[in-house]
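Chemist: Next up is a structure, given as structure tokens.
We did not get these values from a lab; they are worked out from the coordinates using the rules stated. Just so you know, these numbers come straight off a predicted model, no measurement behind them.
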Amino acid sequence: MAQYASQAGHEQAESMASIANPMPLGLSALAFTTAVLGSVYAGFIVPSVGSIGIAVAAALFYGGLVQLLAGM
């Protein structure tokens, strides 16, 4: 019985090792969105209606949707 439990635990550990780590994707999405928004506020991107739109698009798509997918 103990040998069977040991083998079952080993198989489960091997199957869990094949799952990718979503943390780099989530952190890169947060960093990219923060960098774009900081660039808009600092004036590195020429202030206009379009620059705020770029920041909002980055926040919604890459910062939000990608983090949602990474969390799944």
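Chemist: Got the relative contact order for the range 21-71 handy, in percent, Cα pairs under 8 Å and 6 or more residues apart? Kindly include the intermediate steps, with their values, before the conclusion.
Modeler: Details: 34 pairs, mean separation 28.9, N = 51.
That works out to 57 percent.
Chemist: What is the Cα convex hull volume of the range 21-71 when expressed per residue in Å³?
Modeler: About 45 Å³ per residue, rounded to a whole number.
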